[in-house]
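Written below as C-alpha cells is the structure these notes are about.
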C-alpha cells in the first residue's frame, strides 16, 4: 500500500493536483477516501488500484482554476 500511495503522490505532485482530486476524476471516489487510505482505515481493491494506474498512464491530468479554489 505504501508503494501505491507513493505512486499517487508522485503523479499528483508532477501534475499539480491533489490526490483527492485524482481519485474523484479517475474513480469518482468520495471526498475523504484518500485520507482513509493514508490513515490505513481502508484500502483500494485491486480493481480500483488498476483503474487508478490506468488513469495515471493515459490521462493528461492538469489542475484547472476550479481545482485551486
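The values are calculated or read from the model by the stated rules, or taken from the named source; none is laboratory data. Note that the structure is predicted; figures quoted are calculated from it, not measured. When we count neighbours, we look across all protein chains shown, and the Cβ atoms used for this are built from the backbone with ideal geometry, even at glycine.
May I ask you to list the residues in region 45-65 that are in a loop (DSSP other than H, G, I, E, B) and at pLDDT 95 or above?
Result: 45, single match.
Using the structure shown, decide if residue 15 is at pLDDT below 95, surrounded by 12 or more Cβ atoms within 10 Å (Cβ to Cβ) and within 10 Å of the chain's Cα centre (by Cα).
Judged against the criteria, residue 15 is not a match.
Considering only region 23-58, state which residues are more than 17 Å from residue 1 (Cα to Cα) and surrounded by 14 or more Cβ atoms within 10 Å (Cβ to Cβ).
24, 25, 26, 27, 29, 55, listed by residue number.
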